[in-house]
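Comments concern the structure below.
The values are calculated or read from the model by the stated rules, or taken from the named source; none is laboratory data. Remember, it's a predicted structure, so these values are computed and weren't measured experimentally. A quick note on method: Cβ atoms are made from the backbone with ideal geometry, for glycine too, and the neighbour counts reach across all protein chains shown.
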Amino acid sequence: MKGVMRFGKKGKLIPWYVGPYQILKRIGKVAYELYLPNELALVHPIFHVFMLKKCIGDPVCILPLEGLGVDENLSYEEVPVEILDRQVKRLRNKEVASVKVL
């Protein structure tokens, strides 16, 4: 998705919620300003209601900030570990190579 910042990972197993963080004030009917730590200084502190989730207080659900890597240009680096499988699919006029990477 364009304009959405992901924390650390990409794909199905990304953390949808990071926090909990204190709400400083309500802006309009559907936006809130949050108090974010210095590690997330590059993230805009105002969030829409659908991006927030009520904190129930379960310590298992709280994601630590140490594992989240946010660069200055809001990107991250993927490091391939191992090539698992290679395939070549033949279409009518061309061949398409695909590689499965861990």
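The table for this structure:
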{"read-out": "Pick from segment 71-96, criterion polar (S, T, N, Q) and under 19 Å from the mean Cα position of the chain (by Cα), ranking: modelled with the lowest pLDDT", "value": "SER75"}
{"read-out": "Flag if VAL99 is surrounded by 10 or more Cβ atoms within 10 Å (Cβ to Cβ), more than 23 Å from GLU39 (Cβ to Cβ) and either modelled with pLDDT under 75 or of a type outside the set (Lys, Arg) (or both)", "value": "yes"}
